[in-house]
Amino acid sequence: MYSEAKKPVAQKRKLVTAIPGPKSAELIKRRGEAVSASLGTAFPVFIDHAQGAIIVDVDGNSILDLGAGIAVLNVGHTQNRVADRVKTQIDAFSHTCFMVVPYTGYVEVCEALNRLTPGKFKKKSALFNSGAEALENAVKIARSYTKRSAVIVFEHGYHGRTNLTMAMTAKNMPYKDSFGPFAPEIYRMPMAYPFRWNGDQSKCAQEALDMVIHKIEKEIGAKNVAAIVIEPIQGEGGFIVPPKGFLPGMVNFAKENGIIFIADEVQTGFARTGKMFASEDENIEPDLITTAKGIAAGLPLSGVTGRAEIMDSIHLSGLGGTYGGNPIACAAALGAIEVIEQDNLVERANKIGQIMHDELTAMMKRYSIIGEVRGRGAMQAIELVKPGTTEPNPEALTAVIKYCTNKGVLILSAGTYANVIRLLPPLVIEEDLLRDGLSVLDEALASIK
Ligand code: PLZ
């Protein structure tokens, strides 16, 4: 049973058993009896409690969390200003359904989204529960507004696991295999992925742009396209950062052809990339932006924000859902947004991003299995290859993750070729703790050199 006496949690990695310890091992067995075997486990312990960047497991091990629940806990685990608002809200009321009896928290979250997202025009928002649900709704809105059906997505893209978003997601295994048929009218385009670009990397942005525009015009017809949907930095696909010019080029093409440009900022949003939203990096102004993850520090909440005339074009009661913008999730979001702004987590993301980038770049000089270091802000990754080639090295990835796990460092993988190690620490992580994690990663790479 959790008791407040367990706080504060020392921001230090410390193992008292092997990973998993006996209590976790017991729970893993019990889980196996009760929970569908289809759900994976990235780190094989059961959590007891957490704070900041440390997860304490049921055996008393302090695990360093460099994944933040997949870019969700930007403000850190059990952030006080989030927890306090949640506790107050759950005592006041926990649910009405916003479409039945409205409440202020929902409006305040929409106001914050309208204010914080890029775009110097009047914006409005609607709230949902998950990233996938936000994408579903963004596509509904774009189709209804344009009266067109085609949706453009990209190689390596990830947008969710519902039927429409599975169709939008690129990778077959594990997301799509055997789950078809998929929603129609989704068209996948080549992605500007410099590291794997066939030819001169410096021409990647322009060449990719030309290819995409050519394919849209010749194979689909621009006037049939409702939306172009893209992550400004691809997350699950392996932290692929499109080279400068690619995104602005896509935005211009969309504008010229009456296509809604949707930035999926579910993973990149809320200070993660060293800007409040990654779209700001090249000053693009998406027509619609989807948000989730970092918005509410772990409570299920997502949003679609965009041009008021688009958001208002939907017929009355056309959007909704029982739980979308749940009051407790909204309270958490208001706490998380307050922390992000007051504690200047944008600046923190740049600071810890620089540390990660410098350390990873130094490792790349030592370990020939690192093909590339990339990312922006506190969203940094290394792509592992067979030395001297660009051939993916998923075996090395498995070995590195295993090493880190045994040392109590939680690191996530990513990538179409399952060969990318991504770092997504809570933005509040202390510098020493981050360096400790990076030194374990360094040892892990050395161990398989
Ligand atoms: N768009 C850009 O990163 C979620 C997926 C975890 P949901 N990414 C983590 C898993 O394996 O299921 C994501 C994303 C981008 C959309 C989504 C979907 O968000 O909240 O998981 O539905």
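The values are calculated or read from the model by the stated rules, or taken from the named source; none is laboratory data. Remember, it's a predicted structure, so these values are computed and weren't measured experimentally. Cβ sites come from the backbone with ideal geometry, for glycine too, and all protein chains shown count toward neighbours. Side chains included, ligands, DNA and RNA excluded: accessible areas come from the protein's heavy atoms. Shrake-Rupley method; radii C 1.70, N 1.55, O 1.52, S 1.80 Å.
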Revision key, fill the gap. All conditions in (1) within 21 Å of the chain's Cα centre (by Cα); (2) surrounded by fewer than 24 Cβ atoms within 10 Å (Cβ to Cβ); (3) more than 26 Å from residue 120 (Cβ to Cβ) are true of residue 364 except (1)
Check your understanding: Since residue 352 meets every condition but one in (1) in contact with a Pro (Cβ under 7 Å, 6 or more places away or on another chain); (2) open to solvent by 20 Å² or more (accessible area, probe 1.4 Å), which condition does it not meet?
Key -> (2)
Exercise for review: Sort through 155, 185, 219 and tell me the only one that's more than 12 Å from the ligand (Cβ to nearest atom), closer than 30 Å to residue 371 by Cβ, surrounded by fewer than 24 Cβ atoms within 10 Å (Cβ to Cβ) and in contact (Cβ under 8 Å) with a residue 12 or more places away in the chain.
Suggested key: 155
Exercise for review: Scan the stretch 34-50 for residues that are more than 16 Å from the ligand (Cβ to nearest atom), open to solvent by 40 Å² or more (accessible area, probe 1.4 Å) and within 22 Å of residue 74 (Cβ to Cβ) and report the count.
Suggested key: 1
Review point. Taking the stretch 1-18, which residues are out of contact with any strand residue (DSSP E or B) (no Cβ under 8 Å at 6 or more places or on another chain) and either surrounded by 15 or more Cβ atoms within 10 Å (Cβ to Cβ) or of a type in the set (Asp, Glu) (or both)?
Key: 4, 17
Revision key, fill the gap. Checking 271, 263 in turn, the sole residue that is at positive phi and within 16 Å of the ligand (Cβ to nearest atom) turns out to be 271
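Out of everything in the stretch 401-443 that is of a type in the set (Ser, Thr, Tyr) and over 19 Å from residue 351 (Cβ atoms), what residue ends up being most open to solvent (accessible area, probe 1.4 Å)?
Our first condition is that a residue be of a type in the set (Ser, Thr, Tyr); within the stretch 401-443, this holds for 403, 405, 413, 416-417, 439.
Okay, now just the ones that are also over 19 Å from residue 351 (Cβ atoms), so 403, 405, 413, 416-417.
Values: 403: 60, 405: 16, 413: 52, 416: 51, 417: 90 Å².
Of everything passing the filter in the stretch 401-443, 417 is most open to solvent (accessible area, probe 1.4 Å).
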Practice item. Could you list all residues from the stretch 95-145 that are in contact with a Leu (Cβ under 8 Å, 6 or more places away or on another chain), within 15 Å of the ligand (Cβ to nearest atom), within 30 Å of residue 223 (Cα to Cα) and open to solvent by 40 Å² or more (accessible area, probe 1.4 Å)? Key: 136
Check your understanding: Do the conditions hold for residue 293, that is, is it open to solvent by 40 Å² or more (accessible area, probe 1.4 Å) and within 16 Å of the ligand (Cβ to nearest atom)?
Key -> yes
Check your understanding: Between a first residue in the stretch 227-240 that is more than 23 Å from residue 256 (Cα to Cα) and open to solvent by 10 Å² or more (accessible area, probe 1.4 Å) and a second residue that is part of a loop (DSSP other than H, G, I, E, B) and within 9 Å of the ligand (Cβ to nearest atom), which pairs have beta carbons less than 9 Å apart while being 6 or more apart in sequence or on different chains?
Key -> 236/157; 236/158; 236/169; 236/175; 236/267
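Please specify each residue of the stretch 288-340 satisfying the condition of being of a type in the set (D, E, K, R) and more than 19 Å from the chain's Cα centre (by Cα).
Of all residues in the stretch 288-340, those of a type in the set (D, E, K, R) come to 293, 307, 309, 312, 338.
Once the filter is applied, which keeps residues that are of a type in the set (D, E, K, R) and more than 19 Å from the chain's Cα centre (by Cα), the stretch 288-340 yields 307, 309, 312, 338.
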Study note, to complete from the structure: residue 258: passes all of (1) assigned to a loop (DSSP other than H, G, I, E, B); (2) crowded, with 22+ Cβ neighbours inside 10 Å but (2)
Point to revise | Candidate set from the stretch 315-339 (those that are out of contact with any strand residue (DSSP E or B) (no Cβ under 9 Å at 6 or more places or on another chain) and part of a loop (DSSP other than H, G, I, E, B)); member that is surrounded by the fewest Cβ atoms within 10 Å (Cβ to Cβ) | key: 316
Study note, to complete from the structure: (1) within 16 Å of the ligand (Cβ to nearest atom); (2) of a type in the set (Phe, Trp, Tyr); (3) within 25 Å of residue 372 (Cα to Cα) all hold for residue 179 apart from (3)
Practice item. Those residues that are under 18 Å from residue 378 (Cα atoms), of a type outside the set (A, V, I, L, M) and in contact (Cβ under 8 Å) with a residue 40 or more places away in the chain, I need them from the stretch 275-297; list them, please. Key: 275, 277, 279, 280, 281, 291, 293, 294
